[in-house]
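Heads up, the thing below is written out as structure tokens.
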Amino acid sequence: MSDFTFSTLEYQRPDFAAVGAFAEQMAERMKQAGSYEELKALMKESEEASKDFSTMCVIASIRNTLDTRDEFYEKEQEYIDEQMPMLTPKLLAVDEALLNSPFRADIEREYGKQYFVQKELEKKTFCEENIPLMQQEAKLTSEYQKMMATAEIPFEGKTLNLYGVQKYFEHEDRSVRAAAVKAYSDFYHKNEERLEEIWDELIKIRNEMGRNLGYENFIPVGYMQQGRTDYGQKEVESFREQVRTEIVPLCEKLYEAQKKRLGIDTLMFYDESRVFADGNAVPAGDDDFMVEQARKMYHEISPETGEFIDFMIDHEMMDLKNKPGKASTGYMTYLARYQSPFVFSCFNQTIFDMQVLTHELGHAFAGYMAMRHQPVMEYYSESTDIAEIHSMSMEQFAYPYAEQFFGEDADKFRFAHLQEAITFVPFGVAVDEFQHICYANPSLTPKERTLEWKKLEEKYMPWRKYDADDFFDRGGYWYHKLHIYLYPFYYINYTLTTMGAMEFKKKNYENHEAAWEDYLKLCKCGGSMSYLETLRHANVHNPFEAGSVKNAISVAKDELFASKYMQEN
């Protein structure tokens, strides 16, 4: 299937009844398999059916996010969300047949133990009592996503969406920056009541799911849904503490220097995105220019990335331009039938666009490689904590090519991007701790939860000042982070993997060929190993070990403080 483009792919509504009947028959046939070869043939037949089914579901999801106002795909997504939980028991019965198969040892010998680790996790995170709860959860998260996608923010005579207004956070005129942040804040403040209700309902629903599965609350289930098998809450807590002691003081110094560069007395939140007094780096061309430069860059990085970027562009597997009604998010997913990643985002003519072309395409490159090197569909996707190393490391590998995208602003891009990579981490761990607090303390009122966010800002972002924006100042900033609503306990991955990306940065300086070889190892192995096993396979350190955060950020810290932009202070 090499001759296709995304826009011409035919969509057919998934036949859940037929898939369910097929799964029931497959489970019985697997139980009756008389040899490993017979079972293996059935596994292949099941996988081929899964590819067709999942591909149709993904096409519907992508087209729904491309235009959340499209009623046809909105209804298709609602239908899929409604039907999927009811299909899950039949799919798990197929897994159960494999888990209990007399040929299980043969499967493990050929595909490794992780094949069954994943299936055990899926089994542990599902029970039939949770089906109606999963359906309610999907409706609520869809409502949140549509609310964000259809945001209309009046600003300077224009009507902008959430991505569009953020461009003005970097504006040269401080009053314009302040007004843009106020307009952004006002959108969330205006919708605060419904946002509170959605979050309150999600906490109740998810905690009930956890209790139905035998846990005190949702937190253990959230960890398992993220595929975590070799670390837990204690390790994450210790990592957050390393961030507080090692990175928060560093960020305070970086923002103090930025305040001096901007020539202001107090750095406000609306100043944080304006890194340089004479203007941030901006793309040297329009959206199409940026994509073409990305094609050139990936051809220069390696033969593998060159082949990959041609595939993505030729098959229209990227949709990056900002458009009305488009979901306010960025993601990589994949169409298994076509062995193809798909990248979605919203350009806004800032350095963010370069991050899309490296971060999301880093995800996509890893998926592209795994789909071509892993023997089973189960290994096409890695655990979420590994996935972000692919993306964030690709951002670092792209640094030598910044001139192609930003011209004379290339050094500005590199400095601002590296500073943002470091200063993001405290926010990332705050998002994680906030979720733990909310699920562990379900009796908190909405206003009390928002106060908890304010406390976390004081703990992890003591420099943060909102300048009389009452809503953000009392803790309303968390509402904008869709991961809190849509992807429970995902966000810590960005911070853990920042350490891996910084390590790849260091390795790349020391020996580019060796660093790239380790990166390819990381991408090719997909989900065939656990988190810590994958790190060892790619020669990356464990971020939970004492001193790991300090060691991981050492090169970035030295590079930032040696920069001419720090010396100017």
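Structure data summary
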item	result
Matching option when the condition is in contact with an Asp or Glu (Cβ under 6 Å, 6 or more places away or on another chain), hydrophobic (A, V, I, L, M, F, W, C) and either under 30 Å from Phe276 (Cα atoms) or at pLDDT below 95 (or both), among Ala552, Ala562	Ala552
Candidates Ser345, Ser328 - the one that is in contact with a Cys (Cβ under 8 Å, 6 or more places away or on another chain) and of a type in the set (Ser, Thr, Tyr)	Ser328
Scope segment 120-138; condition more than 18 Å from Glu378 (Cβ to Cβ) and in a loop (DSSP other than H, G, I, E, B); matching residues	Cys127
Condition met for Glu256 (of a type in the set (Asp, Glu) and either at pLDDT below 95 or closer than 30 Å to Phe187 by Cβ (or both))	no
Number of the exception - Ala151 against (1) outside any helix (DSSP H, G or I); (2) surrounded by fewer than 18 Cβ atoms within 10 Å (Cβ to Cβ)	(2)
Matching option when the condition is touching a helix residue (DSSP H, G or I) at 6+ places or on another chain (Cβ under 9 Å), among the β-branched types (Val, Ile, Thr), under 24 Å from Glu388 (Cβ atoms) and modelled with pLDDT of 95 or more, among Thr423, Thr497	Thr423
Qualifying position, being under 23 Å from the mean Cα position of the chain (by Cα) and among the acidic types (Asp, Glu), among Glu143, Glu172	Glu143
Residue within segment 293-311 that is touching a strand residue (DSSP E or B) at 6+ places or on another chain (Cβ under 9 Å), over 18 Å from Phe406 (Cβ atoms) and modelled with pLDDT of 95 or more present	yes
Of residues in segment 536-560 being part of a helix (DSSP H, G or I) and touching a residue at least 60 places away in the same chain (Cβ under 8 Å), the one surrounded by the fewest Cβ atoms within 10 Å (Cβ to Cβ)	Lys550
Answer from Ala556, Ala515 - the residue that is of a type in the set (A, V, I, L, M) and in the same structural domain as Glu382 (by TED's automatic domain parsing)	Ala515
Elements of type helices (runs of 4 or more DSSP H) contained in segment 190-253, each with 2 or more residues being over 20 Å from the mean Cα position of the chain (by Cα)	192-212, 233-242
Among residues of segment 458-479, those that are assigned to a helix (DSSP H, G or I), surrounded by fewer than 20 Cβ atoms within 10 Å (Cβ to Cβ) and either at pLDDT 95 or above or in contact with a Phe, Trp or Tyr (Cβ under 6 Å, 6 or more places away or on another chain) (or both), counted	3
Complete set of residues in segment 480-496 that are of a type in the set (A, V, I, L, M, F, W, C), assigned to a helix (DSSP H, G or I) and buried (at least 20 other Cβ atoms within 10 Å of the Cβ)	Ile484, Ile492, Leu496
Residue list for segment 518-535, filter: assigned to a helix (DSSP H, G or I) and of a type outside the set (A, V, I, L, M)	Asp518, Tyr519, Lys521, Cys523, Lys524, Tyr531, Glu533, Thr534
Residue tally, condition among the aliphatic types (A, V, I, L, M) and not in a helix (DSSP H, G or I), over segment 334-371	3
Hits in segment 278-323 - residues which are out of contact with any His (no Cβ under 8 Å at 6 or more places or on another chain) and of a type in the set (Val, Ile, Thr)	Val282, Val291, Ile301, Ile313
Residue within segment 185-199 that is small (Gly, Ala, Ser), touching a Lys or Arg at 6+ places or on another chain (Cβ under 9 Å), touching a residue at least 24 places away in the same chain (Cβ under 8 Å) and not assigned by TED's automatic domain parsing to the domain that holds Thr329 present	no
Flag for Met499 being assigned to a helix (DSSP H, G or I), under 20 Å from the mean Cα position of the chain (by Cα) and farther than 30 Å from Met134 by Cα	yes
Selection from segment 249-270 of residues that are in contact with a Phe, Trp or Tyr (Cβ under 6 Å, 6 or more places away or on another chain), surrounded by 16 or more Cβ atoms within 10 Å (Cβ to Cβ) and of a type outside the set (Ser, Thr, Tyr)	Leu267, Phe269
Scan of segment 495-512 for residues that are touching a Ser or Thr at 6+ places or on another chain (Cβ under 9 Å) and either closer than 19 Å to Asp432 by Cβ or not assigned by TED's automatic domain parsing to the domain that holds Ser328 (or both), ordered by number	Thr497, Met499, Gly500, Ala501, Met502
Matching residues in segment 48-107 - criterion: being basic (Lys, Arg) and in contact (Cβ under 8 Å) with a residue 24 or more places away in the chain	Lys51, Arg63, Arg69, Lys90
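Quick grid of which residues meet (1) of a type outside the set (Phe, Trp, Tyr); (2) surrounded by fewer than 21 Cβ atoms within 10 Å (Cβ to Cβ); (3) over 23 Å from Ala410 (Cβ atoms):
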{"position": "Phe308", "(1), (2), (3)": "no, no, yes"}
{"position": "Asp319", "(1), (2), (3)": "yes, yes, yes"}
{"position": "Pro324", "(1), (2), (3)": "yes, yes, yes"}
{"position": "Ser328", "(1), (2), (3)": "yes, no, yes"}
{"position": "Tyr331", "(1), (2), (3)": "no, yes, yes"}
{"position": "Gln349", "(1), (2), (3)": "yes, yes, no"}
{"position": "His363", "(1), (2), (3)": "yes, no, yes"}
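The values are calculated or read from the model by the stated rules, or taken from the named source; none is laboratory data. Not measured: the values here are computed from a predicted model. Note that each Cβ is placed from the backbone with ideal geometry, even for glycine, and that neighbours are counted across all protein chains shown.
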